[in-house]
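A short write-up of the structure that comes next.
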Amino acid sequence: MSEFPLAGPRRGTASRTTYPRAPVAVVGGGSIGVAFALVFAKAGHSVTIMDADPQRREAIPHELRAKLELLSASGLTAEEPDRIIRRVGITSTVREALSGAILVQECVPERLDVKRRIFSELGDLTAPECILASSSSAIPASRIAAEMDCDDRIIVAHPGNPPFLLPIIELVPTENTRSDILEKSRALYAGAGMSPVIVEREVEGFLFNRLQGAVLREAYALVRDGVATVEDIDTVMRDGLGRRWSFMGPFETVDLNTHGGISAHAEKMGPAYERMGAERGQHDPWTPDLVAEVNRQRRSVLALEDWEDRVAWRDRRLIDLITAISGTATPSTQEREHESTER
């Protein structure tokens with residue numbers, strides 16, 4: 001294993017003292033693997049990336065440095081890129097990458113046969129306390145772990161892309177995953193600055209891609225049916241829903257949209273949404289019991305007497321967001337403005 005030949009000798013051990021983190025192994029040096037290495041190294045972990053492809057191993061240092069310099073220039077990391085880079089090593093062998101690792105983050109292609117082969121090897125080469133996590137976007141952990149002796153410490157840890165900018169991480173256990181492994185995983189990802197959520201039951205696509213998929217299915221259908229253009233749909237998302245969803249989820253959004261909160265919203269809008277679903281052959285009505293449960297969970301987070309204050313908070317956040325957006329024209333905006341002047 002070699003450290004990146006990108007910086008001089010280590011300058012003391014302050015970072016090790018400040019960040020008493022256990023080693024992490026990343027298996028697969030593609031874009032997600034590099035991004036995970038950045039997340040953990042930035043949090044103070046020593047990280048070893050394994051990739052069998054010599055071209056990938058050669059490219060990884062440059063990709064990592066470019067991302068770190070971007071974060072540093074934007075004020076998103078207090079440490080110099082060189083200090084973070086020195087925590088990362090690269091190797092061509094799985095065995096060398098795993099030395100002392102408390103977590104193995106698998107980032108190989110989305111193929112069940114490849115993942116099962118990798119995890120079988122990981123199970124043989126790691127201790128019973130080592131977390132074995134797959135970055136799978138849709139394949140459930142139970143399919144990867146089936147009939148493996150290490151199935152009690154395998155989870156899916158699915159990130160948003162790129163994970164060094166989108167902190168969400170979905171932790172999806174199997175029926176056999178040990179509770180201590182799941183809790184240690186939650187603490188480890190949270191300690192690295194991520195936002196872990198536990199997916200209580202295995203479903204294809206987990207939370208992220210099921211929610212994203214629902215929006216994409218409707219977006220495709222609206223284009224197919226001649227209701228709107230691709231650009232108009234993107235504009236509705238970018239300048240409407242997306243602005244709210246950048247700091248609130250769909251439940252909080254509608255909870256704050258209606259006096260009386262989410263139960264009042266469901267009473268007013270539920271029938272319309274049921275009809276919209278029926279147009280697509282979907283029958284998932286918001287039953288009274290379901291609305292009551294959603295309302296119970298929302299009210300445990302925000303009491304109705306605090307609703308007005310939270311609405312004011314939402315408005316301030318939107319003002320801050322609009323101010324930040326208006327300060328700089330995005331490339332896509334600039335391109336559209338340039339195109340309009342040419343017509």
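The values are calculated or read from the model by the stated rules, or taken from the named source; none is laboratory data. Given the structure is predicted, the values throughout are model-derived calculations rather than measurements. Reconstructed Cβ throughout: ideal geometry from the backbone, glycine too, with neighbour counts over all protein chains shown.
If you check residue 141 against the conditions, is it in contact with a helix residue (DSSP H, G or I) (Cβ under 8 Å, 6 or more places away or on another chain) and of a type in the set (Gly, Ala, Ser)?
no
Go through 37, 66 for me and flag whichever is within 21 Å of the chain's Cα centre (by Cα), assigned to a helix (DSSP H, G or I) and surrounded by fewer than 22 Cβ atoms within 10 Å (Cβ to Cβ).
One residue alone meets the criteria, 66.
I need the strands (runs of 3 or more DSSP E) fully contained in segment 98-180, keeping only those with at least 1 residues that are crowded, with 16+ Cβ neighbours inside 10 Å, among the acidic types (Asp, Glu) and in the same structural domain as residue 34 (by TED's automatic domain parsing). Don't jump to the end; show me each part of the working.
Details: elements: 103-106, 131-134, 154-159, 168-173.
Qualifying strands (runs of 3 or more DSSP E): 103-106, 168-173.
What number goes with the only condition from (1) farther than 17 Å from residue 257 by Cβ; (2) exposed (fewer than 11 other Cβ atoms within 10 Å of the Cβ); (3) not hydroxyl-bearing (Ser, Thr, Tyr) that residue 316 does not pass?
Status for residue 316: all satisfied but (1).
Restricting to segment 41-75, what's the tally of residues that are within 17 Å of residue 164 (Cβ to Cβ) and among the charged types (D, E, K, R)?
So the count comes out to 5.
So, of the residues in segment 187-196 that are without any contact (Cβ under 8 Å) to a residue 60 or more places away in the chain and surrounded by fewer than 17 Cβ atoms within 10 Å (Cβ to Cβ), which turns out to be nearest to residue 154 (Cα to Cα)?
So, considering only residues that are without any contact (Cβ under 8 Å) to a residue 60 or more places away in the chain and surrounded by fewer than 17 Cβ atoms within 10 Å (Cβ to Cβ), the one nearest to residue 154 (Cα to Cα) is 187.
Can you name the condition, by its number, that residue 61 falls short on among (1) within 13 Å of residue 38 (Cβ to Cβ); (2) part of a helix (DSSP H, G or I); (3) under 22 Å from the mean Cα position of the chain (by Cα)?
Here residue 61 clears every test but (3).
Which of (1) more than 25 Å from residue 144 (Cα to Cα); (2) in a strand (DSSP E or B) does residue 196 not meet, given it meets every other one?
That leaves (1) as the condition not met.
What's the total number of residues in segment 42-58 that are among the hydrophobic types (A, V, I, L, M, F, W, C), assigned to a loop (DSSP other than H, G, I, E, B) and closer than 18 Å to residue 109 by Cα? Even if it seems obvious, please write down each step before you answer.
Step one: list which residues in segment 42-58 are among the hydrophobic types (A, V, I, L, M, F, W, C), which gives 43, 47, 49-50, 52.
Now drop any that are not assigned to a loop (DSSP other than H, G, I, E, B), which leaves 43, 52.
Within this subset, residues satisfying the condition of being closer than 18 Å to residue 109 by Cα are 52.
Total satisfying the criteria: 1.
Does segment 293-303 include one or more residues that are closer than 21 Å to residue 168 by Cβ, in contact (Cβ under 8 Å) with a residue 60 or more places away in the chain and in contact with a Ser or Thr (Cβ under 9 Å, 6 or more places away or on another chain)?
No, every residue in segment 293-303 fails to be closer than 21 Å to residue 168 by Cβ, in contact (Cβ under 8 Å) with a residue 60 or more places away in the chain and in contact with a Ser or Thr (Cβ under 9 Å, 6 or more places away or on another chain).
Of all the residues that make up segment 283-293, how many are outside any loop (DSSP other than H, G, I, E, B) and out of contact with any helix residue (DSSP H, G or I) (no Cβ under 6 Å at 6 or more places or on another chain)?
The number of residues fulfilling the criteria is 5.
Among (1) under 13 Å from the mean Cα position of the chain (by Cα); (2) at pLDDT below 95, there is one condition residue 140 misses while meeting the rest; what is its number?
Only one criterion is unmet by residue 140, namely (1).
I'd like the residue in segment 232-272 that is in a helix (DSSP H, G or I) and among the β-branched types (Val, Ile, Thr) and, out of all such residues, is nearest to residue 315 (Cα to Cα). Explain how you work it out, then say what you get.
Start the filter on segment 232-272 by keeping residues that are in a helix (DSSP H, G or I), which leaves 232-245, 250-257, 261-272.
Narrowing further to those that are among the β-branched types (Val, Ile, Thr): 233, 235-236, 253-254, 262.
Details: 233: 24, 235: 20, 236: 19, 253: 12, 254: 14, 262: 18 Å.
Step by step, filter segment 232-272, then rank; the result is 253.
Can we say residue 204 is loosely packed, with under 13 Cβ neighbours inside 10 Å and part of a loop (DSSP other than H, G, I, E, B)? Even if it seems obvious, please write down each step before you answer.
Details: loosely packed, with under 13 Cβ neighbours inside 10 Å: yes; part of a loop (DSSP other than H, G, I, E, B): yes.
So residue 204 fits the description; yes.
Restrict the check to segment 206-221 and report whether at least one residue is among the β-branched types (Val, Ile, Thr), without any contact (Cβ under 8 Å) to a residue 40 or more places away in the chain and assigned by TED's automatic domain parsing to the domain that holds residue 104. Show your work before the answer.
Of the residues in segment 206-221, the ones among the β-branched types (Val, Ile, Thr) are 215.
Cutting the leftovers down to without any contact (Cβ under 8 Å) to a residue 40 or more places away in the chain gives us 215.
Going one step further and asking which of them are assigned by TED's automatic domain parsing to the domain that holds residue 104, we end up with none.
Among the residues of segment 206-221, not one is among the β-branched types (Val, Ile, Thr), without any contact (Cβ under 8 Å) to a residue 40 or more places away in the chain and assigned by TED's automatic domain parsing to the domain that holds residue 104, which makes the answer no.
Give just the number: which of (1) in a helix (DSSP H, G or I); (2) surrounded by fewer than 16 Cβ atoms within 10 Å (Cβ to Cβ); (3) touching a helix residue (DSSP H, G or I) at 6+ places or on another chain (Cβ under 6 Å) does residue 228 not satisfy?
Against the list (1) in a helix (DSSP H, G or I); (2) surrounded by fewer than 16 Cβ atoms within 10 Å (Cβ to Cβ); (3) touching a helix residue (DSSP H, G or I) at 6+ places or on another chain (Cβ under 6 Å), residue 228 comes up short only on (1).
Regarding segment 234-249, can at least one residue be identified that is outside the structural domain of residue 166 (by TED's automatic domain parsing), β-branched (Val, Ile, Thr) and farther than 21 Å from residue 212 by Cα?
No: zero hits.
State whether one or more residues within segment 282-289 are modelled with pLDDT under 95 and acidic (Asp, Glu). First the steps, then the outcome.
To start, the set of residues in segment 282-289 that are modelled with pLDDT under 95 comprises 282-285.
Adding the requirement that they be acidic (Asp, Glu) leaves 284.
Yes; the residues of segment 282-289 include at least one that is modelled with pLDDT under 95 and acidic (Asp, Glu).
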